[in-house]
Amino acid sequence: MPEALLSTHGLNAHYGDFQALFGVDINIHAGEVIAIIGANGAGKTTLMRSITGLLANRPDMVTYRNTPIGALRADQVARTGIAMVPEGRQLFQSLSVEENLIIGGQIGRKGPWELEKVFRLFPILKERRAVPSTALSGGQQQMVAIGRALMSNPELILFDEISLGLAPIIIKSIYEVLPDIIGEGMSAVIVEQDIAKALSVAGRVYCMQEGRISLEGRSNELTREQISAAYFGV
Amino acid sequence: MEWINAIVQGVLLGGLYALFAAGLSLIFGVMRLVNIAHGDFIVLAAFLALSTTSALGVNPLLTLVIVVPVMAVIGYVLQRGVLNQTLGDDILPPLLVTFGLSVIIQNGLLEIYSADPQKMNAGAIETASLALPGNLNVGVLPLVMFGVSVAVIAGLQWVFYRSALGRAFRAVSDKQDIAQLMGLNKAHVFGLAMALSLAVVGIAGVFLGIRTSFDPSIGPGRLIFGFEAVIIGGLGNLWGTMIGGIILGVSQNIGAQINPGWQLLAGHIAFLIVLAVKPRGLFPRID
């Protein structure tokens, strides 16, 4: 295995007195797609917040290209090439669809993704570019959230619960475009509660339970029993 | 005829009130911060202009070139150094800190400039007037100031809704964490918002110092006018703030026309009436 693109090293995370993560170690290699699965409250979103800098940690607890980034602010982490599609879409409600996308690209990293390319990926957004982001359906909002993350031309993209709250048909169409996106040589982390969906696109899987990694393995080698045990702790 | 004159003068005065209010409205919109020291910064800007004009011997209107950038720098440094530390879920700390700043500025100015009323003289333009049909006379200087106010509001409107800076303001205002994920450092964006706010305060201060006499104690009164203009117009709407300023100015002048002692009272009554009839202001934008 080559050197990891992103690693966490004994990552602990706290919200005040409450400890949400306990010694989490994960590795993501260049070009790899991994899934992080786990029940509600297992610490998946906390892990994403720690990686992106929304939650400050000790510098060496998160390394990116062998550089400690654990203590960087979120805007500094974004500049290194990590983008996130946050849980619940989290679009800017005062901004139009197009402005939401432009905000994603304003850190100015070079790469293939720009407005027109996002519009080619999601043509409906081009049609609705001038409307407020709140006027879109949930699925269209998710497209904006994905496009917004792509606009920064990240090397690593984190998808936090992309299927949460969306109709199955929308989820299916979003998972259909994922390979196109990731095919650009990007690495990706997919956080999911839907295990089957996660396994279908990810090469490796980490399962979390109560703030710890309870299982790690290649998607095609893990059995349902192993995953159930790691997921539910039974 | 006196009444029409009172209304026209009130409209022109309203432009100045809109300038008082615009910066207040801007920072509330971006970071939900209510700057209690806003009026004192207006007075500080007026004294800065006074010192500049007496040191350089230039027309007070020219001091804008110095006062506006100096106020902007003060705004940025103040935000990064002090006010950012007070922002959070609790709205009380920024209120207390800016209240403290208000006391500090007033007493600082009192120490340096004494309590004597000051006024700046802008020369011949102060007495120049335009004769309008119907025996109306409108001062050139108030007219110029009104024009500048409209231009400032239009400029702020453009910045807020059409520029990259405004996009950043709106994004950070909507969702601070997510904006940070997009590479916007909210501490810096807030600093820029306060710089812009105090730049407008700089213009307001210079105009105030030319129009009327001022002393270190009048800041809180200007803050009230600014608040009233913002609330009358509706939160988050800059053109609404302009109209709020005009309503306030016109009410004050009509009050003064009835009885000189009623000037301020009439303004406050107009404010209370709007608050009673439309509690969210005439043209609210922020929900």
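Count Lys and Arg as plus one, Asp and Glu as minus one, and take only other residues whose Cβ is under 14 Å from that of residue A:23; the net charge is then -2. Rounded to the nearest 10 degrees, the inclination of helix B:64-78 to the longest alpha-carbon principal axis of chain B is 30 degrees.
Among the residues of A:104-112, the average count of other protein chain beta-carbon atoms within 10 Å of the residue beta-carbon is 2.
Each Cα pair under 8 Å and six or more residues apart adds its separation to the average, and for the range B:133-280 the resulting relative contact order is 14 percent.
Within straight-line reach of residue B:278, meaning a Cα separation under 17 Å, sit the following aspartates and glutamates at least 8 residues removed in sequence or on another chain: B:228, B:287. In whole angstrom, how far apart do the alpha carbon centroids of the range B:138-193 and the range B:216-284 sit? Value for the Cα centre distance between the two parts: 23 Å. A dipole drawn for the range A:6-232 from +1 and -1 charges on Cβ atoms has a positive end, and of A:21, A:122, A:223 the residue lying farthest that way is A:122. Proximity of backbone amide H atoms, modeled 1.01 Å from N, is registered between residue A:36 and A:190, A:191, A:192, A:206 at under 5 Å, excluding neighbours fewer than 5 places apart on the same chain. On association of chains A and B, roughly 1800 Å² of accessible area becomes buried (total for both chains; probe 1.4 Å).
Per-atom-type breakdown for the range A:6-232 gives carbon and sulfur 51% of the accessible area (1.4 Å probe, protein chains only).
Most simply put, the range A:113-234 has about 55% antiparallel DSSP beta bridges, counting only bridges with both residues inside it. Centroid-to-centroid, using Cα positions, the range A:52-100 and the range A:203-234 are 26 Å apart. Skipping prolines and chain starts, which residues have an amide H placed within reach, meaning under 5 Å, of the one on residue A:215, given they are 5 or more residues away or on another chain? Result for residue A:215 returns A:207. Per-residue extension of 0.36 nm, minus the Cα-Cα distance of residue B:113 and residue B:125, leaves a gain of 1.7 nm for this segment.
Projecting the Cα atoms of B:202, B:184, B:143 onto the dipole axis of the range B:139-287, where Lys and Arg carry +1 and Asp and Glu carry -1 at the beta carbon, places B:184 farthest toward the positive end. Per residue of the protein assembly as shown, the DSSP helices (runs of n ≥ 4 H) give a summed -39500 (n - 2.57) that works out to -17500 deg cm²/dmol at 222 nm. Computed from label points 7 Å out along Cα-Cβ, the spacing between residue B:104 and residue A:127 is 5.6 nm. Rounded to the nearest 10 square angstrom, residue B:158 shows an accessible area of 150 square angstrom against a 1.4 Å probe.
In sequence order, the range A:106-118 has phi-based couplings of 6, 6, x, 6, 6, x, x, 7, 9, 3, 5, 5, 5 Hz under the Karplus curve 6.51 cos²θ - 1.76 cosθ + 1.60, θ = phi - 60°, and Gly or Pro positions carry x. Just checking the listed ones, B:273, B:153, B:74: in the Gaussian network model of chain B with Cα springs under 10 Å, the one fluctuating most is B:273.
Karplus-based coupling profile of the range B:204-210, in residue order and whole Hz: 4, x, 4, 4, 4, x, 8, with θ = phi - 60° in 6.51 cos²θ - 1.76 cosθ + 1.60 and x standing for Gly or Pro.
Counting only heavy atoms of the protein chains and using a 1.4 Å probe, residue A:208 has close to 0 Å² of accessible surface. Close amide H partners of residue B:139, meaning residues 5 or more places away or on another chain with modelled amide H under 5 Å apart, are B:130. Shown for chain B: the carbon plus sulfur share of the solvent-accessible area, taken with all protein chains present and a 1.4 angstrom probe, equals 69%. Taking Cβ atoms as reference points and 15 Å as the exclusive limit, the residues near residue A:202 contribute a net charge of -3, counting Lys and Arg as +1 and Asp and Glu as -1. When the Gaussian network model of chain A links Cα atoms closer than 10 Å, the mean-square fluctuations of A:153, A:220, A:57 top out at A:220. Taking a ≥ b ≥ c as the square roots of the Cα gyration tensor eigenvalues, chain A comes out prolate, since a/c reaches at least 1.5 and a/b is larger than b/c. Selection among B:261, B:156, B:93 by position relative to the dipole of chain B gives B:156 as farthest towards the positive end (Cβ unit charges, Cα centre).
Placing +1 on the Cβ of every Lys and Arg and -1 on the Cβ of every Asp and Glu, with nothing else charged, gives the range A:166-234 a dipole about its Cα centre of roughly 120 debye. Among the residues of A:89-100, the average count of other protein chain beta-carbon atoms within 10 Å of the residue beta-carbon is 5. Measuring with a 1.4 angstrom probe and ignoring ligands and nucleic acids, residue B:127 comes out at about 120 Å² accessible. Over the range A:6-232, what is the relative contact order in percent, taking alpha-carbon pairs closer than 8 angstrom and at least six residues apart? Value for the range A:6-232: 28 percent. Using the membrane-span-like helix rule (whole DSSP H runs, Cα extent along the own axis of at least 15 Å, mean Kyte-Doolittle hydropathy at least -0.5), which helices of chain A qualify? Answer set is A:138-150, A:168-182.
Entry note: the protein assembly as shown has Rg to Rh equal to 1.09, where both radii use alpha-carbon atoms and Rh is the Kirkwood radius.
Dipole magnitude for the protein assembly as shown: about 680 debye, using +1 per Lys or Arg Cβ and -1 per Asp or Glu Cβ, origin at the Cα centre.
Between residue B:217 and residue B:85, the contour length at 0.36 nm per residue exceeds the alpha carbon distance by 44.8 nm.
Using only side-chain charges placed at the Cβ, +1 for Lys and Arg and -1 for Asp and Glu, the dipole size of the range A:6-232 relative to its Cα centre rounds to 360 debye. Relative to the longest principal axis of the Cα atoms of chain B, the long axis of helix B:2-31 makes an angle of roughly 10 degrees. Couplings 3J(HN,Hα) of the range A:27-38, computed from phi: 10, 10, 9, 4, x, 8, 10, 10, 10, 10, 10, x Hz, in residue order, whole Hz [Karplus 6.51 cos²θ - 1.76 cosθ + 1.60, θ = phi - 60°; x for Gly and Pro]. In the range B:154-198, the residues that give up 50 Å² or more of accessible area when the other protein chains are added, compared with the chain on its own (1.4 Å probe), are B:167, B:170, B:174, B:175, B:177, B:178, B:180, B:181, B:182, B:183.
The values are calculated or read from the model by the stated rules, or taken from the named source; none is laboratory data. In this text the structure is predicted, and so the values were computed from the model without any measurement. Cβ sites come from the backbone with ideal geometry, for glycine too, and all protein chains shown count toward neighbours. Just so you know, the surface numbers come from the protein's heavy atoms only, side chains and all, with ligands and any DNA or RNA stripped out. Shrake-Rupley method; radii C 1.70, N 1.55, O 1.52, S 1.80 Å.
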